[in-house]
Amino acid sequence: MQERYHPAEVESAAQQHWNATNATLTTEHAKRPDGSEKPKFYACSMLPYPSGKLHMGHVRNYTINDMMARYLRMTGHNVLMPMGWDAFGLPAENAAMDKGIAPAKWTRQNIADMKAQMQPLGLSIDWSRELATCDPEYYKWNQWFFLKMLEKGIAYKKTQVVNWDPIDQTVLANEQVIDGRGWRSGAVVEKREIPGYYLAITQYADELLDNVSDPAAPGYLHGWPERVRLMQEHWIGKSQGVRFAFPHDIKDADGKLVQDGKMYVFTTRADTIMGVTFCAVAPEHPIATLAAATNPTLAAFIEDCAQGGTSEAEMATKEKEGVPTGFFVTHPLTGAQVPVWVGNYVLMGYGDGAVMGVPAHDERDFAFARKYSLEIKQVVAVEGQQYSDQAWQEWYGDKQRGVLVNSGEYTGLGYAAAVDAIAAAITVKELGEKKTTWRLRDWGVSRQRYWGTPIPIIHCADCGDVPVPEKDLPVILPEHLIPDGSGNPLNKDDAFLNVACPHCGKPAKRETDTMDTFVDSAWYYMRYTCPDSANAMVDARNDYWSPMDQYIGGIEHAVLHLLYARFWTKAMRDIGLIKYDEPFTKLFTQGMLLNESYFREEPNGKKRWFYPSEVEVTHDERGAPVSAVARADGQPVQMGGIEKMSKSKNNVVEPGDIISRFGADTARLFTMFAGPPDQSAAWSDTGAEGTARYLRRVWTFAHRQADVVREAGDDFTGISPAGARLRRDIHLLLRTVGHDYDRLQYNTVVSGTMKLLNALDDATLTDSPADRAALREGTGILLRALYPGAPHITHALWQELGFGTRIGDLIDAPWPQVDEAALVQDEIELVLQVNGKMRGSVTVPAAADKDAIEAAARAHEAVEKFLEGRPPKRVIVVAGKLVNVVG
């Protein structure tokens, strides 16, 4: 074998071997040598968006998956690790507008580029299952399943108030509105009413909630991180309370009672109903619209409210503002007249678009009432707490300790009793009842953009909205169009737009909205199992592999993607396509890879970000960075601190650069060694260099011991004490490394392999066959322990040292088993102290009793030296640890 380690040669040869032997090709029902079936394990990383550039953050994510897959294959599992591309979406359209090319061309080129960047990493991906969500063979089944959901009433069409980005000309989700502006364009977001298609995820709200909140539920997700379950639980947001009406006589221009004379609200605190001093309605509420017709101030306020987002998060942080309508509604229990205001914090899409204002017991209402000098009436008291209407205090809303006051016949009741009594009274009046509500809203899947799955609907003037017949699927998205920013180009493409009605044959038009890209990612992992299934969305191969055993991805996808995937799975189950309830048995959320960031403030207020390689950093005497300048002009740049690797901040480290300098195994291994996989870790060039040195040490050790390892046998009879100590150290470390693999602590796996190398390097063995066997065994264990993280160098050394001839390819080698006999010690080494100070060590038989240990200690030369010939007064033995001779 070569004396020096050359990563490029080693990695090229290993990958050629794997490709030639189809080493990563996966089949169902794989067998063990004895004919029994291997247990399946499906481990999958969230599919990437093909941005065109891979960075070391991606390397970290996929190495986590690869280490898991390779280790599980060694432990006897049939492992599936696929890869694909989340290829539809707005970034491709924006890039197309910038570059003047079709999104399809840009996307497919990026896929080719990213795949080419991935392949040098040696990931054990089964590329035969690769898919791109922009391929008609894939999105055909989006369309087919949409039509099935339409038949079942899960998909439907309605008009709703949405966030409209006037620059990007598209609807935005609440999460895409930041400080009232579109997350990409920065334009002030408008509220619009437009028709669109929705999926009734709320039909599954109870089951979706139970499986993240109730450990006793059959489908409870025990294998998910608690914080993800809590995030999902909060998003679903189940609330139990009372929905009731404030009667009124407000009439529209035609003399009809608005909403039949009842303004409904929902509250979880019906016990505070006697503290209502105002009501607030959303700017889109019919009462607000009616009042604005004759109130210019209110009309202007409503127009201002139309700018900005509709998310609860934004409403929570926005300053509470309102304008009175001049209308009053009637309190359902007291008959008092209650003023109605329009509030910018009330959302029409939540509940009935109206809220009761109880300022003494709701912080938001309190702020609103203080601002507009509205009455604040205490109706809940807590023993030992002093009431004040001058400042908000948390105890105002304490429903566990509170007792009603100033509440007429309900005074003195606690929370539960008061809610029951008030709900009963409202029910008798036929003005409301107890009700459960949800924060979760149905999923709007219509997007007014081009690069996505066409919604398979045809609009006919006579027949209405007509589903595309199944035989005509897929509705192919034309790939030659280039968006210009003036809306959806499908509206201008006659070949796509104009079509005959499937029912009557008359001229009709296709739906030009495309599906939300969360649709594409809601089920792609199932399609991996059967990507060539031409006649079905999924087939029996999905029954074999699914549900997925381990899903890996970022915490940023903890809510929407995972929630939609869970919903989609349940809908597929109910339509009879699959037999399981939840798609992902276990979930692992990896930490981000971080790097230093540098920027310079431009005159227009924007930040120009610099790559770390473009910056010269000055450090103080302790090595801490104190200032930085751009290499190009020598002018100062600001240090932005450690940030997530991001192309937008130019602080990404590209794997190609690291691979060319150190090799793919170093790139992989350092991203694992940098920190626990579930926590963020900082990139460090010096850390990568250290990892490269470690791999060179592994190679050097193997080269030095190659002849011994190749020729050694397996018989440990007559092993020397040093050989026995080596075997014990190796098998103790093997136990720890295996445990760390099982719990996905790959940073300590890497450090464990370093300890294995140290143990082998430090051993002072004899030239006996038994000691040679110990060296060979330990080397084989090191290579197998290191292999999932650094597969190329270990593959090469496995072959060079003869293990391949005896055992077979490393990729299929079994995980080594801990030899319990090797852990049994014939001798133990105890710390020797004289008068409490360490003076060396004493070696005794492992079975030595207290008297034998005392005798050995008394006879030690250090005792004679440090007691200066005086006889010991006593000897203290701490079993298994130390012996202290007191003189």
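The values are calculated or read from the model by the stated rules, or taken from the named source; none is laboratory data. Worth saying up front: this structure is predicted, and the values here are computed from it rather than measured. Don't worry about glycine lacking a Cβ; one is built from the backbone with ideal geometry, like all the others, and counts go over all protein chains shown.
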Inset, instruction - Hey, could you check region 322-336 for residues that are in a loop (DSSP other than H, G, I, E, B) and touching a residue at least 40 places away in the same chain (Cβ under 8 Å) and say which is surrounded by the most Cβ atoms within 10 Å (Cβ to Cβ)? - result: P332
Inset, instruction - Identify the residue in region 380-403 that is assigned to a loop (DSSP other than H, G, I, E, B), touching a Lys or Arg at 6+ places or on another chain (Cβ under 8 Å) and free of Cβ contacts under 8 Å to residues at least 40 places away in the same chain and, among all such residues, is farthest from F368 (Cα to Cα). - result: E383
Inset, instruction - Could you tell me which of the residues C305, C279 is at pLDDT below 95 and in the same structural domain as T330 (by TED's automatic domain parsing)? - result: C305
Legend entry - Among residues of region 359-414, those that are small (G, A, S), crowded, with 16+ Cβ neighbours inside 10 Å and in contact with a strand residue (DSSP E or B) (Cβ under 8 Å, 6 or more places away or on another chain), counted: 5
Legend entry - From the options A785, A796, A822, residue that is surrounded by 13 or more Cβ atoms within 10 Å (Cβ to Cβ), touching a His at 6+ places or on another chain (Cβ under 7 Å), at pLDDT 90 or above and part of a helix (DSSP H, G or I): A822
Inset, instruction - Run Y741 past the list (1) in contact (Cβ under 8 Å) with a residue 60 or more places away in the chain; (2) touching a Leu at 6+ places or on another chain (Cβ under 7 Å) and report the number of the one that doesn't hold. - result: (2)
Legend entry - Hits in region 720-759 - residues which are more than 30 Å from A43 (Cα to Cα) and assigned to a helix (DSSP H, G or I): P721, A722, G723, A724, R725, L726, R727, R728, D729, N758, A759
Inset, instruction - Read through the list (1) in a helix (DSSP H, G or I); (2) surrounded by fewer than 24 Cβ atoms within 10 Å (Cβ to Cβ); (3) in contact with a strand residue (DSSP E or B) (Cβ under 9 Å, 6 or more places away or on another chain), then give the number of the only condition that T686 fails. - result: (3)
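Just the residues that are modelled with pLDDT under 95 and not polar (S, T, N, Q), please, taken from region 151-167.
Scanning region 151-167 gives K158, V161, V162, W164, D165, P166, I167.
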Inset, instruction - Can you tell me which residue within region 521-536, out of those that are in a helix (DSSP H, G or I) and under 17 Å from the mean Cα position of the chain (by Cα), is farthest from G89 (Cα to Cα)? - result: Y525
Legend entry - Number of the condition not met by F368 [criteria: (1) among the hydrophobic types (A, V, I, L, M, F, W, C); (2) modelled with pLDDT of 90 or more; (3) outside any helix (DSSP H, G or I); (4) over 26 Å from K429 (Cα atoms)]: (3)
Inset, instruction - Identify the single condition in (1) farther than 19 Å from Y198 by Cα; (2) at pLDDT below 95; (3) among the small types (G, A, S) that G444 does not satisfy, given that it satisfies every other one. - result: (1)
Inset, instruction - Being modelled with pLDDT of 95 or more, β-branched (V, I, T), within 26 Å of E800 (Cβ to Cβ) and surrounded by fewer than 21 Cβ atoms within 10 Å (Cβ to Cβ) narrows it down to one of V698, V708, so name that one. - result: V708
Inset, instruction - Name the single residue, out of those in region 866-885 being part of a strand (DSSP E or B) and under 55 Å from the mean Cα position of the chain (by Cα), that is surrounded by the most Cβ atoms within 10 Å (Cβ to Cβ). - result: V883
Legend entry - Selection status of Q635, out of contact with any helix residue (DSSP H, G or I) (no Cβ under 8 Å at 6 or more places or on another chain), exposed (fewer than 14 other Cβ atoms within 10 Å of the Cβ), modelled with pLDDT of 90 or more and in the same structural domain as Y746 (by TED's automatic domain parsing): no
Inset, instruction - Read through the list (1) among the β-branched types (V, I, T); (2) in contact (Cβ under 8 Å) with a residue 40 or more places away in the chain; (3) more than 29 Å from P359 (Cα to Cα), then give the number of the only condition that V265 fails. - result: (3)
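Per-residue answers, yes or no, for (1) in the same structural domain as A790 (by TED's automatic domain parsing); (2) modelled with pLDDT of 85 or more; (3) of a type in the set (V, I, T):
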{"residue": "G623", "(1), (2), (3)": "no, no, no"}
{"residue": "S627", "(1), (2), (3)": "no, yes, no"}
{"residue": "A630", "(1), (2), (3)": "no, yes, no"}
{"residue": "S648", "(1), (2), (3)": "no, no, no"}
{"residue": "G656", "(1), (2), (3)": "no, yes, no"}
{"residue": "I659", "(1), (2), (3)": "no, yes, yes"}
Inset, instruction - Select from region 422-448 the residues that are buried (at least 16 other Cβ atoms within 10 Å of the Cβ) and part of a helix (DSSP H, G or I) and list them in ascending order. - result: I422, A423, A425, I426
Legend entry - Residue count for region 596-632, restricted to those that are in contact with a strand residue (DSSP E or B) (Cβ under 6 Å, 6 or more places away or on another chain), of a type in the set (S, T, Y) and loosely packed, with under 15 Cβ neighbours inside 10 Å: 2
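Among S36, S45, S12, which is the only one that is in contact (Cβ under 8 Å) with a residue 60 or more places away in the chain and out of contact with any Asp or Glu (no Cβ under 8 Å at 6 or more places or on another chain)?
Just one listed residue meets the conditions, S45.
Yes or no, residue by residue, for (1) farther than 23 Å from A69 by Cβ; (2) surrounded by 17 or more Cβ atoms within 10 Å (Cβ to Cβ):
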site	(1), (2)
C504	yes, no
M515	yes, yes
A534	yes, no
M537	yes, yes
W545	no, yes
M548	no, yes
Legend entry - Given (1) closer than 28 Å to G261 by Cβ; (2) modelled with pLDDT of 95 or more, number of the condition D362 does not satisfy: (2)
Legend entry - Residue among T766, T717, T691 that alone is assigned to a helix (DSSP H, G or I) and hydroxyl-bearing (S, T, Y): T691
Legend entry - Hits in region 827-848 (condition: charged (D, E, K, R) and surrounded by 12 or more Cβ atoms within 10 Å (Cβ to Cβ)): E827, R839
Inset, instruction - Select from region 90-128 the residues that are in a helix (DSSP H, G or I), under 23 Å from the mean Cα position of the chain (by Cα), within 30 Å of T27 (Cα to Cα) and hydrophobic (A, V, I, L, M, F, W, C) and list them in ascending order. - result: I111, M114, M118, L121
Inset, instruction - Return yes when G57 is at positive phi and either part of a loop (DSSP other than H, G, I, E, B) or within 23 Å of the chain's Cα centre (by Cα) (or both) and no when it is not. - result: no
